[in-house]
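The block underneath contains the structure these notes are about, expressed in structure tokens.
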């Protein structure tokens, strides 16, 4: 193990780091902002923060287009993807997809009632939030949002991201 120059911190190999982080299975979301033009991105760095007050968190890389959109628009949507929505996750993770209104053409969605951010149809859950706090964290920013609304669907089959690939889990706990 080497030590970073001018530091007592060991250098961590990026491939090892990515592989090790990949051992933590996460849900998959699409974070969106409304307005002109709307924008969406796939994110697995999403979590609840607090029940009182109701807060959610999403981590966004500072050089991502979504970062600047969240800074300016301040209101956003989060769709927690169902097991059958891998194509949606891949679509919003594709850096070569069309941007603007066109990026939503192949996706069924509805505007959030309070934020007008696109919410993905068929998702397990929807959240609408308003940016409350920002925290710089390495090459990302932690966006803490005050929860404005939430809704849950009846399905219990979730899309997961694990070991660098998409997977799914159903209510019986068995991956199909």
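So which residues in the stretch 44-64 are touching a residue at least 60 places away in the same chain (Cβ under 8 Å) and either more than 19 Å from residue 28 (Cβ to Cβ) or over 12 Å from the mean Cα position of the chain (by Cα) (or both), if there are any at all? Residues satisfying the conditions are 49, 53, 54, 55, 62, 63.
Looking at the stretch 44-125, the strands (runs of 3 or more DSSP E) lying wholly inside it that each contain 3 or more residues that are surrounded by 15 or more Cβ atoms within 10 Å (Cβ to Cβ) sit at 54-61, 75-80, 118-120.
Taking residue 128 as the residue in question, decide whether it is out of contact with any helix residue (DSSP H, G or I) (no Cβ under 8 Å at 6 or more places or on another chain), under 16 Å from residue 40 (Cα atoms) and assigned to a strand (DSSP E or B).
Spelling it out, residue 128 is indeed out of contact with any helix residue (DSSP H, G or I) (no Cβ under 8 Å at 6 or more places or on another chain), under 16 Å from residue 40 (Cα atoms) and assigned to a strand (DSSP E or B).
Okay, residues lined up against (1) modelled with pLDDT of 95 or more; (2) closer than 23 Å to residue 148 by Cβ:
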{"site": "7", "(1), (2)": "no, no"}
{"site": "17", "(1), (2)": "no, no"}
{"site": "29", "(1), (2)": "yes, yes"}
{"site": "34", "(1), (2)": "yes, yes"}
{"site": "61", "(1), (2)": "yes, no"}
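Please give the number of the condition residue 30 fails out of (1) touching a helix residue (DSSP H, G or I) at 6+ places or on another chain (Cβ under 8 Å); (2) assigned to a helix (DSSP H, G or I); (3) within 21 Å of residue 141 (Cα to Cα). Checking residue 30 against (1) touching a helix residue (DSSP H, G or I) at 6+ places or on another chain (Cβ under 8 Å); (2) assigned to a helix (DSSP H, G or I); (3) within 21 Å of residue 141 (Cα to Cα), the one that fails is (2). Of 166, 143, all but one fail to be in a strand (DSSP E or B) and farther than 19 Å from residue 56 by Cα; the exception is 166.
Within the stretch 17-25, is even one residue closer than 21 Å to residue 85 by Cα and surrounded by 12 or more Cβ atoms within 10 Å (Cβ to Cβ)? Scanning the stretch 17-25 turns up at least one residue that is closer than 21 Å to residue 85 by Cα and surrounded by 12 or more Cβ atoms within 10 Å (Cβ to Cβ).
The values are calculated or read from the model by the stated rules, or taken from the named source; none is laboratory data. These numbers come from a predicted model, not from an experiment. Cβ coordinates were reconstructed from backbone atoms using ideal geometry, including for glycine residues, and neighbour counts include every protein chain displayed.
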